[in-house]
Amino acid sequence: MQRTTTSLLSILLLGSCVPGEQTAKDQSTNSEKPNVLFLFADDQRADALGCSGNPYIKTPNIDELANQGVRFSNNYVMGGHHGAICAPSRAMLMSGKSLFHVYDVLDGVSTMPMHFAKQGYQTFGTGKWHNSKASFEASFQQGRNVFIGGMSDHFNVPCRELVDGKLTEPVRKGFSTDLFADVANEFLEDYAQGDRTNPFFCYVAFTAPHDPRSPRPDYIGMYPDETMPLPGNFKKYHPFEFDHMTIRDENLAPWPRTPEIIQASLADYYALISHVDERVGDLIETLKEQGLYDNTIIVYAADNGLAVGSHGLLGKQSLYEHSMKVPLIISGPGVPSDKVSEALVYLYDVFPTLAGLCNLPAPEGVDGKSLVPVIQGETDHVRTSLFTAYRHTVRAVRTDEWKLIRYPERDYTQLFNLKDDPLELNNLAGDPAYQSKQEELKQMILDWQVETDDTASWTTPVVLPMEYDPASFVQVPDVHQPEYVLKRYFKGVKSKQKSTH
């Protein structure tokens, strides 16, 4: 089905002549402001979609969203204050603020669903909310199967219901992707059967493909291990130490990383994503069946990327492209179809962008930039460089072509030409031929630090060694890993340790 791309102004002028022959009631309510369905994945790297050029993963429904809308190929999370990047990423998304202007708890912070509710939207949330119980209660009018936390066993998610403005005590349920999609589907059906007086803002935050890498049983084996190609920047170890190399995410496979364990990880990772894609398709089908599709903006995005073997890493606690770049697709009324933008954008640009697309007042006090001019073809960019940060240990800047990564604690720099070297394998830092470029990008980082109120130094007073001994690392599973994962990735180890990531 080809989505109607009639502009909002045209809809207002044409009234009942809009394709789909909506009723007068539908026109008077839904034509002025479009609905919003926001689909948010957890730990999905940007290249883990068919529409991004990945020929191995099957994501037909998300790919079709890209065909019907705009895909931003250079969308980034700005970084994190700690290893659980999900929390600050979601805080930035919901507040529209940059990393150093919001932390990971949103108590007392104006959020995107609050802004939409003030403009008459009916708001509903389900899935992961990693930014405090109180802030969810303040942000949404309705909520079902709400998970307050960072991660859990996909088969035993502690879910809460929003009742009279307060979240109930958690009850464990499973499977995560189905739990969240099912109640979102019910919300859409109930909305369609109601009076549709107010447009809706429906937020669906999946916990997949975040580990545990334990797909629903019928998805196990969807991608045979031996068919999974290794990342082009696969390494057995990261070549140097720069932070906590045994952070929880890095414990999900032993050292050295072997081709077999990375292939297995990718197979399960892709299976989790394909399951999300199937449920995305179900939600879109419900919109179509209920006559809501043509007037609904659909966003598909993710909170951060993931290494899964790239550069010898597994997690997202680095500033390489695989960990910082995330999907962003926007489809719906007022959005052209089949467009790919290479603009440098942040995930926290989505808040002012959706406000613009929905003809709402611009949110106040945000750092994000509206992408509406890019979407509508008025410009091809909103910024010429992009700054990322991880803890106090890594800083980076990138332009259309170049990227510089700085490790203050190690007094070490990496310089990559992303056009020639998108996998970030050939470090040009220190090469006299690129000295001026290195200095130019260094100054960009320093300028960004001033602009964003980042106080990290270029080099720390005490410089730490880069050498480390991964052979001494001990792999220990956390409390959330089920038997499938223990047998597949931990050789049946039973001992577990608590984790917050």
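The values are calculated or read from the model by the stated rules, or taken from the named source; none is laboratory data. Because the structure is a prediction, the values reported are computed rather than measured. No Cβ is skipped: glycine too gets one built from the backbone with ideal geometry, and neighbour counts run over all protein chains shown. Surface accessibility is based on the protein's heavy atoms, side chains included, excluding ligands, DNA and RNA. Shrake-Rupley method; radii C 1.70, N 1.55, O 1.52, S 1.80 Å.
Details
- Within segment 119-138, residues that are touching a residue at least 60 places away in the same chain (Cβ under 8 Å) and on the phi > 0 side of the Ramachandran plot reach partners that are in a helix (DSSP H, G or I) and not β-branched (Val, Ile, Thr) with beta carbons closer than 7 Å, at six or more positions or on different chains, in the pairs GLY127/PHE180.
- Qualifying residue in segment 349-363 (condition: without any contact (Cβ under 8 Å) to a residue 12 or more places away in the chain and open to solvent by 40 Å² or more (accessible area, probe 1.4 Å)): yes
- Close pairs from segment 197-214: first modelled with pLDDT of 95 or more, partner in a strand (DSSP E or B) and open to solvent by 10 Å² or more (accessible area, probe 1.4 Å), Cβ under 6 Å, at least 6 apart: ASN198/GLN122; PHE200/GLN122
For (1) among the basic types (Lys, Arg); (2) free of Cβ contacts under 8 Å to residues at least 60 places away in the same chain; (3) open to solvent by 40 Å² or more (accessible area, probe 1.4 Å); (4) touching an Asp or Glu at 6+ places or on another chain (Cβ under 8 Å), each residue gets a yes or a no:
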site: PRO408; (1), (2), (3), (4): no, yes, no, no
site: THR413; (1), (2), (3), (4): no, yes, no, no
site: TYR434; (1), (2), (3), (4): no, yes, yes, no
site: LEU441; (1), (2), (3), (4): no, yes, no, no
site: LEU464; (1), (2), (3), (4): no, no, yes, yes
site: ASP478; (1), (2), (3), (4): no, no, no, no
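- The single condition among (1) over 28 Å from ARG216 (Cβ atoms); (2) open to solvent by less than 60 Å² (accessible area, probe 1.4 Å) that PHE175 does not satisfy is (1).
- Selection of segment 161-196 for residues being of a type in the set (Lys, Arg), closer than 20 Å to LYS128 by Cβ and touching a residue at least 24 places away in the same chain (Cβ under 8 Å) yields LYS166, LYS173.
- When PHE200 is tested against (1) more than 24 Å from PRO256 (Cβ to Cβ); (2) touching a helix residue (DSSP H, G or I) at 6+ places or on another chain (Cβ under 6 Å); (3) surrounded by fewer than 20 Cβ atoms within 10 Å (Cβ to Cβ), just one condition goes unmet, and that condition is (3).
- Single residue of segment 319-336 satisfying the filter (open to solvent by 10 Å² or more (accessible area, probe 1.4 Å) and in a loop (DSSP other than H, G, I, E, B)) that is nearest to LEU354 (Cα to Cα): GLY334
- Pairs, first more than 12 Å from PRO254 (Cα to Cα) and open to solvent by 80 Å² or more (accessible area, probe 1.4 Å) in segment 482-497, second β-branched (Val, Ile, Thr) and modelled with pLDDT of 55 or more, C-beta under 9 Å, six or more apart: LYS496/VAL476; LYS496/VAL479; GLN497/VAL476; GLN497/VAL479
- With respect to (1) without any contact (Cβ under 8 Å) to a residue 24 or more places away in the chain; (2) on the phi < 0 side of the Ramachandran plot, the lone exception for PRO422 is condition (1).
- Unmet criterion (only one of (1) closer than 15 Å to HIS210 by Cβ; (2) assigned to a helix (DSSP H, G or I); (3) open to solvent by less than 20 Å² (accessible area, probe 1.4 Å)) for TYR270: (3)
- From the list ARG395, ARG383, the one residue that fits, being modelled with pLDDT of 95 or more, closer than 22 Å to SER89 by Cβ and outside any loop (DSSP other than H, G, I, E, B), is ARG395.
- Flag for ASP47 being modelled with pLDDT under 95, among the charged types (D, E, K, R) and not in a helix (DSSP H, G or I): no
- Residue list for segment 282-318, restricted to those being over 21 Å from ASP47 (Cβ atoms), not acidic (Asp, Glu) and not in a strand (DSSP E or B): LEU283, ILE284, THR286, LEU287, LYS288, GLN290, GLY291, LEU292, TYR293, ASN295
- Set ALA253, ALA264, ALA301: member being of a type in the set (A, V, I, L, M) and over 22 Å from GLU483 (Cα atoms): ALA301
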